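Q: The following block contains the structure, expressed as structure tokens.
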Amino acid sequence: MHFRRMPIEVESPEQMGYDSIRNNLSESSYTDTLLRDTGIDTGLYDLLLAYGSHAGHEGLRELIVKDTPLKKDDVLITIGAAGALFIIATSLLEKGDELVVVRPNYATNLETPRAIGATLKYIDLRFEEGFALDLHQIEKAITPGTKYISVTYPHNPTGVCLTDNELRQLIVLAESKGIRLLVDETYRDMVFREPLPLAVEYSPHVISVSSLSKTYGLPGIRVGWIICRDKELMETFLAAKEQIYICGPVLEEEIAYRYLQQKDRYLPLIRTDIRQKFDIVKSWMRQQESFEWVEPGGGAVCFPRIRQPERVDIGKFYDILLNKYGTYTGPGHWFDMPRHYMRIGYGWPPRASLEEGLQSLTKSLLEASR
Ligand SMILES: Cc1ncc(COP(=O)(O)O)c(C=O)c1O
């Protein structure tokens, strides 16, 4: 494998230093949670720091599939959704194999297959088409060398959501071709309407991935998971996990377990806060002539673009935005896209900072216009 660092990680706010940014509109998660505020710091001293279950904390796996027809044995705990995606790509792909993958995308969904030496057949989502999936294009891209189709729900960075009909059609397609469908559902709990069922409920051909990072603002505990009903494939994923790190960190998994026990208390509050922040972005967007967007259907990010990029010095725009106004967004190149697109994360910053950051975008664009 040939690894190279991804711009989204090199230029991430944690690598830059959170203190160097006043208005951080570059995150894709909800506001980071203080351990103290979860109310779960008691009793952890009694935890035995032995190797844990290789598949992951039993109670945690049960909670992840609670209220679904799935079983805990369908769940494998991983180090974040990122760890899950690495295990899946390295288990399913060898050099020269093909996958059909949506672009733009969360960088790892593209970069790990590239590191393996796989051939990526891109399904380019277009602004003009509302970033919607073209199922015919996906079908045409599949060849005998294709191992899986890779989509995200809701999509990162656009926040656009697959419909139930599209998901079902993708599954029928994957089943008819005898390949897998990877659905990265890391943002699923943040859809604005009722979320679709876990994709894996529909078929053993589906592999679902998610984590506690985004909706719950817990990216630092690095707890993610794979759900899949194909036992043989799950055995391969477990083998990969054991070779990388044997089992997950028992302390983190215990915290995740205790947090998820209280999910019903936290989730409605988080969803309400995200909706209110989204309304701030929406009303800002309504006043903009020089930015345009496809309105997202969920998640905590959107992916607007500058309407007439030829009239703007894009380098100067980002320079003014950060160095004059202390505001940081995710520029298009983080997602294999031109830099006049940008991801705005509205779930993470406090409201006042979100508002200030959005005003900074307006001002920076004006000041960088030719
Ligand atoms: C679509 C998607 N999948 C996976 C991840 C990885 O998240 P984590 O490893 O923190 O769970 C991210 C992070 O931004 C993401 O956007």
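The values are calculated or read from the model by the stated rules, or taken from the named source; none is laboratory data. These numbers come from a predicted model, not from an experiment. With ideal geometry, Cβ positions are generated from the backbone for all residues, glycine too; neighbour counts draw on all protein chains shown.
Q: Could you tell me which residue of segment 243-270 is surrounded by the fewest Cβ atoms within 10 Å (Cβ to Cβ), considering only residues that are under 15 Å from D37 (Cβ atoms) and either hydroxyl-bearing (S, T, Y) or more than 22 Å from the chain's Cα centre (by Cα) (or both)?
A: Selected residue: R265.
Q: Quick one: is S20 within 22 Å of H333 (Cβ to Cβ) and under 17 Å from the mean Cα position of the chain (by Cα)?
A: No.
Q: Also, quick follow-up: Confirm whether G330 is surrounded by 19 or more Cβ atoms within 10 Å (Cβ to Cβ) and small (G, A, S).
A: Criteria met by G330.
Here's the yes/no breakdown for (1) of a type in the set (D, E, K, R); (2) under 27 Å from N156 (Cβ atoms); (3) touching a Cys at 6+ places or on another chain (Cβ under 9 Å); (4) at pLDDT 95 or above:
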{"position": "L35", "(1), (2), (3), (4)": "no, yes, no, no"}
{"position": "G43", "(1), (2), (3), (4)": "no, no, no, no"}
{"position": "E58", "(1), (2), (3), (4)": "yes, no, no, yes"}
{"position": "E62", "(1), (2), (3), (4)": "yes, no, no, yes"}
{"position": "D67", "(1), (2), (3), (4)": "yes, yes, no, no"}
{"position": "D74", "(1), (2), (3), (4)": "yes, yes, yes, yes"}
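Q: Report yes if some residue within segment 286-303 is outside the structural domain of A82 (by TED's automatic domain parsing), over 17 Å from C161 (Cβ atoms) and in a helix (DSSP H, G or I); otherwise report no.
A: Yes, there is a match, as at least one residue in segment 286-303 is outside the structural domain of A82 (by TED's automatic domain parsing), over 17 Å from C161 (Cβ atoms) and in a helix (DSSP H, G or I).
Q: Mind listing whichever residues of segment 313-370 are under 20 Å from V160 (Cα atoms) and among the basic types (K, R)?
A: Of everything in segment 313-370, those that are under 20 Å from V160 (Cα atoms) and among the basic types (K, R) turn out to be R339, R343.
Q: Being free of Cβ contacts under 8 Å to residues at least 60 places away in the same chain and either touching a Leu at 6+ places or on another chain (Cβ under 6 Å) or of a type in the set (A, V, I, L, M) (or both): is that true of I274 here?
A: It is false that I274 is free of Cβ contacts under 8 Å to residues at least 60 places away in the same chain and either touching a Leu at 6+ places or on another chain (Cβ under 6 Å) or of a type in the set (A, V, I, L, M) (or both).
Q: While we're here: So L321 ticks every box in (1) over 21 Å from A352 (Cβ atoms); (2) in contact with a Ser or Thr (Cβ under 8 Å, 6 or more places away or on another chain) but one. Which box is left unticked?
A: (1)
Q: If you check G117 against the conditions, is it of a type in the set (G, A, S), more than 16 Å from the ligand (Cβ to nearest atom) and outside the structural domain of G220 (by TED's automatic domain parsing)?
A: no
Q: Hey, could you check segment 77-95 for residues that are touching a residue at least 24 places away in the same chain (Cβ under 8 Å) and more than 14 Å from the ligand (Cβ to nearest atom) and say which is surrounded by the most Cβ atoms within 10 Å (Cβ to Cβ)?
A: L92
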